[in-house]
1. Find the accessible area per residue for region 61-144; the probe is 1.4 Å, ligands and nucleic acids are left out, and the unit is Å².
2. Between region 53-70 and region 171-231, what is the separation of their alpha carbon centroids in Å?
3. Find out how many positive minus negative residues lie around Arg75, taking Lys and Arg as positive, Asp and Glu as negative, among other residues whose Cβ is under 15 Å from that of Arg75.
Amino acid sequence: MKKLIVSLLLGLLALQSVFANSSLNIGVEAGYNYNIINTATGWSGTVNGNWHGFDVSVPVEYRVNNWFSLNTGIRWIMRSSEYTKTSTAMPDDRYVDNYIQMHHAIDIPFTLRFSLPLDEFRLFVGGGAYVGVRVLDYAKGESLIDISNAPYGDYWDEYYAHLEFTADDNLFDAGLIAEIGTSYEFEGAGSFYILARYQYGLTSLAKDSYMAAHSYFDSISVDAGFMWRVA
């Protein structure tokens, strides 16, 4: 019985040493992302391209000790891509539609970070996963109608439109995360940090149907933020 009590006390002391420097932090974060699209349209005359976007988040960090932390939060991200569609109705007639499609999503990341303290600075690497939902789609672009016998020549039409979701849209999103960054600690106040993040998409924007091609997004982002200690 005495050995059991001693073992329990030693275990509690070990846990106390592990969590001695634990803290709960919350912050704000924003940055730029570059989105890489991988898709097969299923239609001839369509070209897809990578594009830029932005993201804003409210991160939450539970710092277990000086080396490990658990990170989550809520993140709004704009995943965008460029589309160019060209069609020919007659041998000398041409219709071109070039637009940027902006997919707005809300993600919840879950990552484990390892930090290397260097006085006021920290270097950290992390990995994990995210789940999310697509909430809005917009398209901004222009259409060219080039008809050989038109009296006024080419016709351009610029537009910015909200796109309604259809039964072919998959609104659920999920993927993997890898990140690396550095932070500067303000004693008793919080920390300022810069990080680079790579998100690998595991789910398609479209469901498995004849009309909707699968489209997967990977995102590379650079973000800056500040974390306040709340507990």
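1. 49
2. Cα centres, region 53-70 to region 171-231: 11 Å.
3. -4
The values are calculated or read from the model by the stated rules, or taken from the named source; none is laboratory data. Everything numeric in this text was worked out from a predicted model, so none of it was measured. No Cβ is skipped: glycine too gets one built from the backbone with ideal geometry, and neighbour counts run over all protein chains shown. The accessibility values were calculated without ligands, DNA or RNA, using every heavy atom of the protein model including side chains. Shrake-Rupley method; radii C 1.70, N 1.55, O 1.52, S 1.80 Å.
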